[in-house]
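Structure, as structure tokens:
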Amino acid sequence: MPSFTPQALHALTTLIVSRMGSSPEETEEVADHLVRANLAGHDSHGVGMLPAYVRVFQDGLLVPNQELHTVLDAGALLVLDARRGFGQRMAANAVRRAIGRARELGACVLALRNSSHIGRIGTYGELATRAGCAFTAFVNVADGRDAQAPWGCAEARLGTNPFCTAVPGADGPALLLDMATTTIAAGKVRVAYNKGATVPDDCLIDEAGHPTNDPAGFIRDRTGAMLSFGRHKGSGLAVMCEIMAAAVKSNDEHDLSLARHGHPAHGEAGGLHLLGDDGDLGPDQPVDQGGLAGVGRADDGGEARAGGCGVHPA
């Protein structure tokens, strides 16, 4: 595998992004984001993403030099549309607006929609903590390939759906948690494939739903799926990231109230639909629908055990 100095990586990234038509300011933001991801050890979200960015640019799904469009400004609630802009710049500018609103009002709920890939989510947590703000993000993947199989299922129905939270340090570095809800990030499967290496156990299933350590099917053949971390618990978090990320991103610019289009209950139905039916259950996962993360409802307990509840001694 070739090795490059950070300066060479930055120069290469700058050349590619500028040739895609980005302004100098946008080019610098994107290049800085990608190279810093590599320097932090997150090669999955570094300059290795550039071929994918070029492909979506050629497909018209990445449009350089976009400006954020305000869909809703309701004080502590902002809904912004990125108009398919470069994700690193769109997300950073959106978070900067949210930081300003949080300083003014004490908190801000931000929804960003129609962005191209926004890169390493932790970058935006760091941006917030440098401004003295705490940060929590629920992230979904709206237009990418389904990558993650819900718990007990054999087919992908979710993205990697990252979760990130960060808090400023009192006198030192911020505390940051930035993770995909899959066992490893999709980019790390790509990195393993490019190295000719295998992935750890419990990361992938093949097209038949069986565990595999070979990344070739997922990357080269686009078959199989990634698995959630923590079994049903990580899968449940992935479903909730899907729901929370979409909760206030209505397509109706004239009616975005949380009580109607943005209420999580509207997203819940979509989240439940993602889990599919019994035909999606994996061959080694004889789990009934009630056992799938995200399917059960908070008020199910009364009916589920109406016949009696066993009580174990303490």
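The values are calculated or read from the model by the stated rules, or taken from the named source; none is laboratory data. This is a predicted model, so every value here is computed, not measured. When we count neighbours, we look across all protein chains shown, and the Cβ atoms used for this are built from the backbone with ideal geometry, even at glycine.
Does Asn93 qualify as being polar (S, T, N, Q), at pLDDT 95 or above and under 24 Å from Thr160 (Cβ atoms)?
Numbers: polar (S, T, N, Q): yes; at pLDDT 95 or above: yes; under 24 Å from Thr160 (Cβ atoms): yes.
Yes; evaluated as a whole, the condition is true for this residue.
So, in region 1-39, exactly how many residues are touching a residue at least 60 places away in the same chain (Cβ under 8 Å) and either in contact with a Leu (Cβ under 6 Å, 6 or more places away or on another chain) or assigned to a loop (DSSP other than H, G, I, E, B) (or both)?
Here the count works out to 2.
Looking at Arg101, Arg97, Arg89, Arg120, which one is part of a helix (DSSP H, G or I) and in contact with a helix residue (DSSP H, G or I) (Cβ under 9 Å, 6 or more places away or on another chain)?
Values: Arg101 fails: in contact with a helix residue (DSSP H, G or I) (Cβ under 9 Å, 6 or more places away or on another chain); Arg97 fails: in contact with a helix residue (DSSP H, G or I) (Cβ under 9 Å, 6 or more places away or on another chain); Arg120 fails: part of a helix (DSSP H, G or I).
Result of the check over Arg101, Arg97, Arg89, Arg120: Arg89.
Could you say whether any residue in region 147-167 is within 18 Å of Tyr53 (Cβ to Cβ), among the small types (Gly, Ala, Ser) and in contact (Cβ under 8 Å) with a residue 12 or more places away in the chain?
Yes, region 147-167 contains at least one residue that is within 18 Å of Tyr53 (Cβ to Cβ), among the small types (Gly, Ala, Ser) and in contact (Cβ under 8 Å) with a residue 12 or more places away in the chain.
If we scan region 24-32, do we find a residue that is out of contact with any helix residue (DSSP H, G or I) (no Cβ under 8 Å at 6 or more places or on another chain), within 17 Å of Thr123 (Cα to Cα), of a type outside the set (D, E, K, R) and modelled with pLDDT of 95 or more?
No, region 24-32 has no match at all.
For region 177-198, name all the residues that are more than 16 Å from the chain's Cα centre (by Cα), surrounded by fewer than 18 Cβ atoms within 10 Å (Cβ to Cβ) and on the phi < 0 side of the Ramachandran plot.
Correct list: Asn194, Lys195, Ala197, Thr198.
Being touching a strand residue (DSSP E or B) at 6+ places or on another chain (Cβ under 9 Å), under 14 Å from Arg120 (Cβ atoms) and among the small types (Gly, Ala, Ser) is the filter here, so list the residues in region 88-98 that pass it.
The answer is Ala91, and nothing else.
For a quick check of your reading: which strands (runs of 3 or more DSSP E) sit entirely within region 129-236 and have at least 1 residues that are of a type in the set (Val, Ile, Thr) and at pLDDT 95 or above? Spell out the reasoning first.
Details: elements: 135-138, 163-167, 175-179.
By residue number, 135-138, 163-167.
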